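Every read-out reported here was derived from the displayed coordinates using simple, explicitly stated rules and does not represent laboratory data. What you see is a predicted model; the values in this text were computed from it and never measured. Cβ sites come from the backbone with ideal geometry, for glycine too, and all protein chains shown count toward neighbours.
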Amino acid sequence: MKTNLFIRVLLSGLFGFLVCPLCAQLYEIPFSDLFQRSSIVVEGRVMVRQSLWDNGRRGIYTHNIVEVTRVYKGQVLSGKYLNVITLGGIVDDRMQLVSESIQYEIGDYGLFCLIPCAYDLPISPMWENYGSPHGFFKYDTRADVVEHPFHAATGIAAFRQRVETHIGRPQLIVPDEELDRPVSERMMPSISSFSPTSISAGTGDVLTINGSGFGSTPGSVRFINSNTGSAFSVDASDITSWSDNLITVIVPSTTASGGCAGTGPITVVDASSNSTTSSTNLTVTFGYTNFTFSGSKVGAKLANVNGMGGMTFTLSTTLCNSSQQDAVNAIGRALREWRCVSGVNWRLSTSTTSVNSEASDGISVITYDVGTPLPGGVLGRASSYYSACFSGGGFHWRVTEIDINMRQSGVTWYFCDNPVVPSGQFDFQSVAFHEFGHGHQLQHIVDNTAVMHRSIGPGQARRVLNSNEESGADYVLSLPANPCGPGAMTLLSHPACLSLTPPSACNAAGPCTAPLPVELLHFTAQATDGGVRLTWETATERDNDFFTLERSADADLFHTLGRVRGAGTSTQRRKYEYFDAHPLPGLNYYRLWQTDYNGIATLLRMVSVSTGEHPNAERLRVFPNPIPTDQVYLELSSNLAGSSVVVVLFDALGREVTRQTAVVQAYTPIDLAAYRLSPGIYTLRLWLPEQRAWLGPVRVWKP
């Protein structure tokens, strides 16, 4: 989640400096807890916004005047208006943006969950959202939906009833007239196709939407927001052309409302507010971080800012000590994975710092949130700081500093090497890995199995980049160097990427961690006429008993293929090979594990390879999609008619929602009424017991 994007432009116009603490990873706050922990819960709309410095000129805040329409909890002291403060804003030639925390636009309407705030401002009384992005439910009255990172809903009236169940009937202050707006009777627009079907966000890629009834006057295009899971409208400047039957739009990774395009359906809204949604999903493979400067969307490059080809991270003394060795080892594993997968030249300083909070101070610190605790619902946050040089008539931006702040209390962390995370614990390595991804200038993506998904649940581990995330990392590092300022980052290669030494104060084994026993150079899968050849090579091994190969059709459920004996202890490069003579039709995922003599297993890498489409894959279809009701139909290959299949539906966090058995018909009905699906992206998979194979996954959307 982007936070604290700060730009300081000298009046001469010859140099710019920008600071952008990027993207936090969230965990879900229960629906009822939001209301229990908030002092005031009201509905209202933002009427006035004004940015100002705090009294000490240390930061910029925005004073939002909210007109209250309903009060569910607490007392509104100053008539029907509240002073709601958000971080960031513009004052003269200074700008600070807090993206994907909470940022409002005039006219934003919804439910505010507020707590008192004590910023040093000349305003009283002041309020702020509880849990930052958790504390605002935005109403889209035209679409009749409620937008929220975890608790989005269809039907504002039904949502209000749910709130009343938790709090009680509200006091009506100002009648709500927006819900009664008439909808134009103009012919509805329709999307027939779009291309390409797979695209990246923030890289300037253009999506072409074909159809009819769009009208001659531009309306808006809406994508799924990878930061929240709900839909958002692109900025007007992102739409490059609009006609009655064709629209071209730049796929954005940042908008004025904090949207980043993610995988999901596309919606076109015409000038009369009529809308149509695509029947299939657009796949957004990755997002490159953009920000707005002088009216244009720009990105920053990774550069040689430490004089050694890249950037140096420094561990804070709150993190680097003998009692936190397991945490430091988890950070080291995450950092080394990035170095060896993308080649990013990030180092660890052999000294420590007493700095334990995010600040533009020239130190790229990794710390616990001791000085400035993170908001509720936030596991970790990465803050990127940028500066610019002027050449050729324009500014060129680079990343000068990255601060990573990890939550210290309020959650139960799991620090161990073993990627099997106990229920109820959050995987520290996965969250650190995610925040390093934001430092790599990658945005969130909509994929609940991916490292860069916006949230993670207890008991989950995401320690391996998928191919789309690797492509995003490669894109950032392949950008041409700036014509001014420090040179380009010098990329690391094997085995140099493996050499990573923490400070002596925390360079030891912990109670449940140790340096990786195998230094893996590569792991590849190659399809051949007779099967799939798996090869890997190690630089060093220590007490390595054996390797284990696993295979999956969906990167979720894996089955063991076989074992290969390790070399024990070795400092020589060693090559290994395994041949899978019976791969699955279509896409195959392979995982490589290593087991020590003491029985400790470590996941080293996952790769994928295609052996051709499953004979039934082209006929697996879910409709209608999006799901307008509680019943969907599956269209399958005719040769499966009469077969028994198991239908499994997962939510955005990878949790199983429903598992039911069905007999294949021409159109197989699946009843979802009993599960009361919340709006969002779901994944459907089909198990074929007779063939012992999976079909899918297919992504479905509940609006």
Treat every Asp and Glu Cβ in the chain as -1 and every Lys and Arg Cβ as +1, leave all other atoms uncharged, and give the resulting dipole magnitude about the Cα centre to the nearest 20 debye. 580
Fewest first, what order do Phe623, Phe136 take by the number of other Cβ atoms within 10 Å? Phe623, Phe136
Considering the dipole of region 301-484 built from charges on the beta carbon (Lys and Arg +1, Asp and Glu -1) around the Cα centre, which of Ile404, Ser430, Ala481 is farthest to its positive end? Ala481
With a cut-off of at most 15 other beta carbons within 10 Å, and DSSP calling the residue loop, which trypsin sites (Lys or Arg not before Pro) in region 103-176 qualify? Please list them. Arg142
Nonlocal amide H pairs with Asp417, under 5 Å, H built at 1.01 Å: Ala514
Using a 7 Å offset from the Cα along the Cα-to-Cβ direction at both Cys512 and Asp54, what is the distance between the two label points in nm, to one decimal? 3.7
Once Lys and Arg get +1 and Asp and Glu get -1 on their Cβ, which of Trp687, Val664, Val700 lies farthest toward the positive end of the dipole of region 648-703? Val700
Between Val700 and residues 5 or more places away or on another chain, which pairs have amide H atoms under 5 Å apart, with H built 1.01 Å from N, and which residues are they? Tyr682, Thr683, Leu684
Where a Cα-Cα gap under 23 Å defines reach, which lysines qualify for Lys702, not counting those fewer than 8 residues away within the same chain? Lys138
If every Lys and Arg gets +1 and every Asp and Glu gets -1 at its Cβ, then about the Cα centre region 301-484 yields a dipole, in debye to the nearest 20, of 140
Evaluate the charge dipole of region 408-549 about its Cα centre and quote only its size in Debye, nearest 20, assuming +1 on the Cβ of each Lys and Arg and -1 on the Cβ of each Asp and Glu. 320
If you look at just the Cα atoms of region 307-431, how large are its Rg and its Dmax in Å? 15.9, 55
Each residue of region 354-367 in turn: what ³J(HN,Hα) in whole Hz from Karplus with 6.51, -1.76, 1.60 and θ = phi - 60°, glycine and Pro shown as x? 7, 5, 10, 8, 6, 6, 7, 10, x, 10, 7, 9, 10, 8
State, to one decimal in nm, how far the label point of Ile363 lies from the label point of Ala157, with both points 7 Å from Cα in the Cβ direction. 5.8
As I understand it, the dipole of the chain uses +1 on the Cβ of Lys and Arg and -1 on the Cβ of Asp and Glu, about the Cα centre. Which of Pro624, Asn210, Ala334 lies farthest toward its positive end? Ala334
If you take the Cα atoms of region 261-337, find Rg, then find the Kirkwood Rh from the mean of 1/r over all pairs, what is Rg/Rh? 1.22
Over region 183-325, consider all pairs of different Cα atoms and compute the Kirkwood hydrodynamic radius from their mean reciprocal separation; express it in Å, one decimal. 17.1
Mind listing the phi-derived Karplus ³J(HN,Hα) values for region 380-387, rounded to whole Hz, using 6.51, -1.76 and 1.60 with θ = phi - 60°, and x for any glycine or proline? x, 8, 10, 10, 9, 10, 10, 9
Sort His166, His440, His582 so the one with the fewest other Cβ atoms within 10 Å of its own Cβ comes first. His582, His166, His440
Ordering of 277-288, 558-569 by packing [mean C-beta count within 10 Å, highest first]: 277-288, 558-569
Which of the aspartates and glutamates could a cross-linker span from Lys73 if the Cα-Cα distance has to be under 19 Å and same-chain partners fewer than 8 positions apart are dropped? Asp33, Glu43, Glu128, Glu164, Asp176
In sequence order, what are the phi-derived ³J(HN,Hα) couplings for region 61-66 according to the Karplus relation 6.51 cos²θ - 1.76 cosθ + 1.60 with θ = phi - 60°, rounded to whole Hz, with x for glycine and proline? 10, 10, 8, 9, 8, 9
Spin-label pair Ala527/Ala666, simplified geometry with 7 Å Cα→Cβ offset, distance in nm: 3.4
Among (1) 191; (2) 167; (3) 218, the entry that matches volume of the Cα convex hull per residue in Å³ as calculated here: (2)
State the extension gain, in nm to one decimal, for the chain segment bounded by Thr217 and Arg142, taking 0.36 nm per residue of separation less the distance between their alpha-carbons. 25.1 nm
Once amide H atoms are placed 1.01 Å from N in the peptide plane, what residues at a sequence separation of 5 or more from Thr263, or on another chain, have their amide H within under 5 Å of its amide H? Val284, Val446
Mind checking the full-extension length gain between Ile106 and Ser608? Use 0.36 nm per residue of separation minus the Cα-Cα distance, one decimal, nm. 176.0 nm
Once you have the Cα-Cα distance between Cys389 and Gln36, take 0.36 nm times their residue separation minus that, and quote the gain in nm to one decimal. 122.2 nm
Could you rank the peptides 679-687, 518-526, 427-435 by their average count of other C-beta atoms within 10 Å per residue, with the highest value first? 427-435, 679-687, 518-526
